[in-house]
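Inspection log for the structure reproduced underneath, given as structure tokens.
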Amino acid sequence: MTAAETHRAIEAIFRIERARIIAVLARMTRDVDLAEELAQDAFVTALAEWPRAGIPANPGAWMTATAKRRAIDRLRRGRMLARKHAELGRDLSEWDETGIEALETALDDDVGDELLGLVFTACHPVLSPDARSALTLRLIGGLTTQEIARAYLASEAAIAQRIVRAKRTLGEAGLTFEVPRGRERQERLASVLEVVYLIFNEGYAATSGTDLTRPTLCAEAQRLGRILAGLAPDEPEVFGLLALMEIQASRLPARLSPDRLPVPLTRQNRARWDRLLIRRGLAALERAEALGGAGGPYALQAALAACHARANRPEDTDWRRIAALYDELRAVTPSPVVDLNRAIAHSMAFGPEAGLTLLDLIDPAALPRYAPLPAARGDVLLRAGRAAEARVQFEFAASLSGNEREKAFLLERAALCRTRAAGPTDDG
């Protein structure tokens, strides 16, 4: 393996392991900033040592152990050392490999998942809802401030300030970075579900970068969802979210063309959908409905996804049922994004003009610089036979997109509109 290939491999490994390393370190140090710094130190150490020594058999464990050793050094030098000494009743001068394992055991919780503990901590009531989501996307999703700003339709500076303030607040609160129990867990559950779904969405449709999807983020969100289902077996919205993620993730293999461009849902090869994930999702949806949660926001979205999963062919899709479900969802959680998807569903169920009527009701100021809005208008206009108008919308959407694959797809759609608007040539 060349030096460049090793460097790329190290970067890929760190992207995958970063959140887990930070979660472990945050529980050890109770300091998010320090945890991020130590994780980055481990990455830099790997860049220095692996090209010479080779990539370890378990690279994630190597990075974690390296970061832990640095954390122990910091703990020895700081006042935090005394607190840990009192808590664990150990002679910290003996903290070698065995001592590190003892620390992990002593800090364990009833779930044994540091990453979920970090999510619950980031969703503590001392933080505002916006701060909780932004911080979790940064820590768990590994998103940059620019990517988070795009996801929230906010300025990069505002998001950066939000994250800094959130870290400071958590540090001042002296939290334990563990999964809470009982009533405290219940009070944070809704926020945790929200940020887990935000992580999944960033994996399903990346807001920026060269890749349309980030499957590792989807997989991590699904894993957290399954743990939450075990933690809260009587919470319908937990199962609603799990159902939604499982069914949507089933489409990942079919979402990209061979040249890595997005494939619309109605044109995907459904034979490539993961049937095991669909079965898991439908089972989770049944559980949510059995618990009386059919009308919950996540359960309704899962029911929408199930309509597509149950259709063996695009033409078998029950668009009238989907339109009715969007009407329900809008009543439960009104938002401009729900209005946009509702308009698309009505255009498929009742014709393009019905969709355009609903699209006209959406205030563009409510979705500033949101590429899916003009993209949806372009699609509906194209199906209405208004190719020239559709081209303008697709080109505008492409100018707003921060994802290279999505931008290429939208420009391709605009080119198609140009061809259709020109009509047949002399050659027929």
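Side notes on the structure shown:
- In the chain, a dipole from Cβ-located charges (positive for Lys and Arg, negative for Asp and Glu) runs towards its positive end, and of 333, 9, 55 it is 9 whose Cα lies farthest in that direction.
- When only the Cβ of Lys, Arg, Asp and Glu is charged (+1, +1, -1, -1), the dipole of segment 254-340 relative to its Cα centre reaches about 420 debye.
- With the charge dipole of the chain set up from +1 on Lys and Arg Cβ and -1 on Asp and Glu Cβ about the Cα centre, the Cα lying farthest toward the positive end among the listed residues 359, 385, 204 is that of 385.
- Inter-part distance where segment 218-251 and segment 13-57 are each reduced to a Cα centre, Å: 28
- Taking the longest Cα principal axis of the chain as reference, the axis of helix 404-422 is set at about 0 degrees.
- Trypsin sites (Lys or Arg not before Pro) within segment 270-371: DSSP coil, no more than 14 neighbouring Cβ in 10 Å: 310, 369
- Against the main long axis of the alpha-carbon atoms of the chain, helix 387-400 sits at an angle near 10°.
- Size descriptor, Kirkwood hydrodynamic radius, that averages inverse alpha-carbon separations across segment 310-420, Å: 14.5
- Between 0 and 90°, nearest 10: helix 32-53 axis offset from the chain longest Cα axis: 90
- Exposure proxy for 28, 245, 1: other Cβ atoms within 10 Å of each Cβ, ordered fewest to most, give 1, 28, 245.
- Summing Cβ point charges (Lys, Arg +1; Asp, Glu -1) relative to the Cα centre of the chain gives a dipole of roughly 380 debye.
- Between residue 324 and residue 365, the modelled labels are 3.7 nm apart [label points 7 Å from Cα along Cα→Cβ].
- Environment charge at residue 122 (Cβ cut-off 10 Å; Lys +1, Arg +1, Asp -1, Glu -1): +4
- Estimated purely from DSSP H runs of n ≥ 4, each contributing -39500 (n - 2.57), the mean residue ellipticity at 222 nm for the chain is -23000 deg cm²/dmol once divided by its residues.
Quick note: the coordinates plus some simple rules give every number you see, no bench work behind them. It should be emphasised that the depicted structure is a prediction, and the values quoted were computed from it without experimental measurement. Neighbour counts run over all protein chains shown; Cβ positions are idealised from the backbone, glycine included.
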